[in-house]
Amino acid sequence: MAIRLVAEVGAAPAVALPVLAGDSGPTLPPTVHLPDGARAEVTELLGDLDGGAGAARPLRRPSRTPGHLLLVHAGDGDEAGWRAAGAAVSRAFEDETSITVAMPADAPPAAVGDWPKGYCSRRTGSRCATSRPPSVR
């Protein structure tokens, strides 16, 4: 499984988009860069994202890039929220061989570290073994 934490999606086929709790519901951080048209589609679906941290809503986009988007709620952006989001991505993208996570460009270091912890704990039942801490490219 290849996982990329990036600030710009590019041509990735499967992309997880973390959303955060806002005053009027979940919001996509403005610093996440998406291909043309994708942001409008995602914004429309934000209202369908029920629940708190760990809630997820897929968006299939055949013949477009990215072809598979996943809105995933990271709650208030605290440690538990990012871990819940990571676990939700693991559940939703179980059959994918490569995942791109569009982290906000201004994501705090704790978010970049906690997201993979949730992903790995869901996937392996234990903590991730990494040789270096993750970073956003």
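Throughout, read-outs are computed from the coordinates displayed, never taken from laboratory work. Keep in mind that what you see is a predicted model, and the values were worked out from it rather than measured. Every residue, glycine as well, gets a Cβ built from its backbone with ideal geometry; the counts of neighbours run over all protein chains shown.
Hey, quick one: spin label on ARG61, modelled 7 Å out along Cα-Cβ, who in the range 22-53 has an amide N within reach, i.e. under 15 Å?
Correct set: 28-29, 32-46.
Kindly provide the helix-only [θ] at 222 nm of the chain, computed as the sum of -39,500 (n - 2.57) over DSSP H runs of four or more divided by all residues, to the nearest 500 deg cm²/dmol? Don't skip to the answer; put the middle values down first.
Values: 3 runs with 38 residues, N = 137.
That calculation yields -8500 deg cm²/dmol at 222 nm.
Can you work out the FRET efficiency for the pair SER98 and ASP78, with r the C-beta to C-beta distance and R0 = 35 Å, to the nearest 0.05? Provide the component values of the computation, followed by the final result.
Numbers: r = 28 Å, r/R0 = 0.80.
Efficiency for this residue pair is about 0.80.
Looking at the chain only, what percent of DSSP beta bridges run antiparallel? Nearest 5 please. Numbers along the way, then the final one.
Working: 8 of 22 bridges.
Antiparallel: roughly 35 percent of the beta bridges in the chain.
So, with +1 on the Cβ of K and R and -1 on the Cβ of D and E, and no other charges, what is the size of the charge dipole of the chain about its Cα centre, to the nearest 20 debye?
Roughly 560 debye for the chain.
Please grab the % of Cα pairs in the range 1-47 that end up more than 15 Å from each other.
Details: 490 of 1081 pairs.
Result for the distance tail: 45 percent.
Quantify how much of the Cα-Cα distance distribution of the chain extends past 24 Å, in percent. Walk me through the intermediate numbers first.
Working: 1791 of 9316 pairs.
The share of Cα pairs beyond 24 Å in the chain comes to 19 percent.
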